[in-house]
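The structure appears below as structure tokens.
The values are calculated or read from the model by the stated rules, or taken from the named source; none is laboratory data. All values derive from a computational prediction rather than experimental measurement. We place every Cβ from the backbone using ideal geometry, glycine too, and count neighbours over all the protein chains shown.
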Ligand SMILES: [Zn+2]
């Protein structure tokens with residue numbers, strides 16, 4: 001397919017109306033031949049006159065007698081049930097994937113002309129589509145892997161002195177959420193929102209995501225001291241003034257993962273101002289995907305999101321769990337995230 005847009009203006013001219021957006025999504029999801037999202041049938045469906053304000057969007061009814069259900073290309077995708085025009089979804093996806101440091105919900109809402117609540121929901125849903133799926137482990141190409149953790153949360157120094165949390169500026173952060181990161185030198189990053197950074201947690205993440213035999217570089221944090229014999233573990237000792245450790249003529253450091261943390265934290269402070277623990281894994285995914293797609297064109301990023309739209313529905317209700325309900329699945333922090 002030929003995409004004649006390079007700028008936002010060209011993008012908006014290309015996706016000039018709802019019909020164009022529906023037809024584009026049909027091409028992406030179905031390759032042009034409708035597939036019933038209810039039963040999976042590819043039997044040519046009946047065309048149905050669409051209801052609602054857009055009279056010319058393609059609408060169907062399944063041709064299988066037992067199914068017979070109506071659908072459009074939105075059905076069974078993240079766009080299902082949304083009152084927001086597909087065109088605005090596309091614009092939001094483009095804005096989010098092409099912004100270098102992320103975009104706040106308020107700014108997104110203003111740019112595409114929706115309410116603040118819709119802007120927030122769009123931002124979160126599109127962020128959830130920025131998740132990549134892992135097919136290989138890190139280190140398989142022979143490059144070393146850097147492992148490190150950081151803590152995300154309010155800045156202690158900005159708090160009123162009555163509210164300062166002791167020890168929260170460094171590692172044992174009482175009110176911050178730990179995030180563990182793995183980065184392959186010259187390759188991709190993976191992030192994991194965790195409940196703690198003890199040896200068991202870190203070892204599990206490393207064993208699941210770094211191939212055996214790889215070289216792992218960490219700082220001297222004691223939880224890393226039990227990294228198994230399956231790895232060639234190199235420790236960089238920051239406190240001794242040396243940030244680089246030399247081994248067999250090669251220099252090792254943890255600068256890449258630390259740079260990634262800086263990007264995440266700049267986004268936190270400068271764009272989002274706050275990332276709640278329950279949504280933190282989505283922000284981390286967003287920044288990880290942005291990092292991992294650093295060499296990819298704007299168009300490819302946009303298509304990546306659109307082609308990831310075939311996921312479970314995330315509604316405002318599932319994003320804002322009822323805090324009074326202790327059994328709500330979203331109350332617990334997911335143990336691992338951002339599987340790239
Ligand atoms: Zn069907």
> Within segment 40-53, can you find the residues that are within 15 Å of the ligand (Cβ to nearest atom) and at pLDDT below 90?
Replying inline: 40
> Any idea which of (1) free of Cβ contacts under 8 Å to residues at least 60 places away in the same chain; (2) over 19 Å from residue 17 (Cβ atoms) is the one residue 57 doesn't satisfy?
Replying inline: (2)
>> Given the condition touching a residue at least 60 places away in the same chain (Cβ under 8 Å), over 24 Å from the mean Cα position of the chain (by Cα) and assigned to a loop (DSSP other than H, G, I, E, B), answer yes or no: does some residue in segment 17-34 qualify?
In response: yes
> Hey, residue 334 hits all of (1) at pLDDT 75 or above; (2) assigned to a loop (DSSP other than H, G, I, E, B); (3) touching a strand residue (DSSP E or B) at 6+ places or on another chain (Cβ under 8 Å) but one; which does it fall short on?
Replying inline: (1)
> How about segment 54-79: which of its residues are at pLDDT below 90 and within 16 Å of the ligand (Cβ to nearest atom)?
Replying inline: 76, 77
> Restricted to segment 95-106, and to residues that are farther than 12 Å from residue 122 by Cα and in a helix (DSSP H, G or I), which residue is farthest from the ligand (Cβ to nearest atom)?
Replying inline: 98
> In segment 1-39, which residues are away from the ligand (no atom under 16 Å from the Cβ) and exposed (fewer than 11 other Cβ atoms within 10 Å of the Cβ)?
Replying inline: 1, 2, 4, 7, 9, 16, 31, 32
>> With the requirement that a residue be closer than 26 Å to residue 276 by Cα and part of a loop (DSSP other than H, G, I, E, B), what does segment 174-220 give you?
In response: 174, 175, 176, 188, 194, 195, 196, 197, 198
